[in-house]
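One structure is given here, and the rest of the page talks about it.
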């Protein structure tokens, strides 16, 4: 009976960390892989690759846990979130903090395998990830803060691979930050009514009726930055083929959000997984 109880508990922690919804892992993984591949000139160090892939999985889980802890008073009032483990009373806030600490410490243990520069940068990354969930109370740009937090793996990958962050690393970071701003705005469009009701801020609310034009303009900037990355690295045509496919997916996302229909806005968010994959496949083929 006791082992069943333990399994039930672990299942709630699994759900709390959103391991049952791997889409978030993929959307964070693609830009990390872009950075690792570019920093490694198409031949990334195996240990760096393994540490960064595992780090993405762990830190995305930690981000979900601290997000639910921060939103524990809001989630019961949001249709999409009311069945989350803390909101549903299945996991206590203190338990959630303990799970968050274990995930962060495990990720930090992996970072210790890297150079001193990467270890130092990991403290900035951890601070950004831990503070992000609280930003929706104070700024209308929490989606940009999310981008800064979860895009930070990009400069860290250059630090781990080359012990320096060249200009291309910062250009890529900006592209990733803006991409997260776009896809998380699409995600926020789903919750806009609940967010207005409970008084939390988002770029979906800030942009209002102009959300389509602003996200489209940002997608053009993101693709332009990725073209710049390709030119700096002298990448060959498959990379630009991947960007062309990504541009087509961006247009498709705009058609999905056009009527502000919530299920279609969520589809647009999910479609960013394929955007990230298209860029990565182009990168790999270019280096081959």
Among the residues that make up the range 212-222, is at least one of them closer than 18 Å to residue 175 by Cβ, out of contact with any strand residue (DSSP E or B) (no Cβ under 7 Å at 6 or more places or on another chain) and not in a helix (DSSP H, G or I)?
no
What single numbered condition from (1) surrounded by fewer than 23 Cβ atoms within 10 Å (Cβ to Cβ); (2) without any contact (Cβ under 8 Å) to a residue 40 or more places away in the chain; (3) assigned to a helix (DSSP H, G or I) fails to hold for residue 206?
(2)
Count, please, the residues in the range 82-98 that happen to be closer than 18 Å to residue 134 by Cα and either in contact (Cβ under 8 Å) with a residue 12 or more places away in the chain or touching a strand residue (DSSP E or B) at 6+ places or on another chain (Cβ under 6 Å) (or both).
6
Run down 226, 288, 235, 270 and say which single residue is over 30 Å from residue 139 (Cα atoms) and either touching a helix residue (DSSP H, G or I) at 6+ places or on another chain (Cβ under 7 Å) or at pLDDT 95 or above (or both).
235
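For every residue, the table says whether it meets (1) modelled with pLDDT of 95 or more; (2) more than 19 Å from residue 50 (Cα to Cα); (3) in contact with a helix residue (DSSP H, G or I) (Cβ under 7 Å, 6 or more places away or on another chain).
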{"site": "133", "(1), (2), (3)": "no, yes, yes"}
{"site": "136", "(1), (2), (3)": "no, yes, yes"}
{"site": "142", "(1), (2), (3)": "no, yes, yes"}
{"site": "156", "(1), (2), (3)": "yes, no, yes"}
{"site": "160", "(1), (2), (3)": "yes, no, yes"}
{"site": "165", "(1), (2), (3)": "yes, yes, yes"}
{"site": "168", "(1), (2), (3)": "yes, yes, yes"}
{"site": "176", "(1), (2), (3)": "yes, yes, yes"}
{"site": "180", "(1), (2), (3)": "yes, yes, yes"}
Kindly list the number of the only condition in (1) more than 29 Å from residue 281 (Cα to Cα); (2) surrounded by fewer than 21 Cβ atoms within 10 Å (Cβ to Cβ); (3) touching a helix residue (DSSP H, G or I) at 6+ places or on another chain (Cβ under 8 Å) that fails for residue 115.
(1)
Counting only residues that are part of a helix (DSSP H, G or I) and surrounded by 15 or more Cβ atoms within 10 Å (Cβ to Cβ), how many does the range 90-101 have?
4
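The values are calculated or read from the model by the stated rules, or taken from the named source; none is laboratory data. It should be emphasised that the depicted structure is a prediction, and the values quoted were computed from it without experimental measurement. Counting neighbours? That spans all protein chains shown, and the Cβs are built from the backbone with ideal geometry, glycine included.
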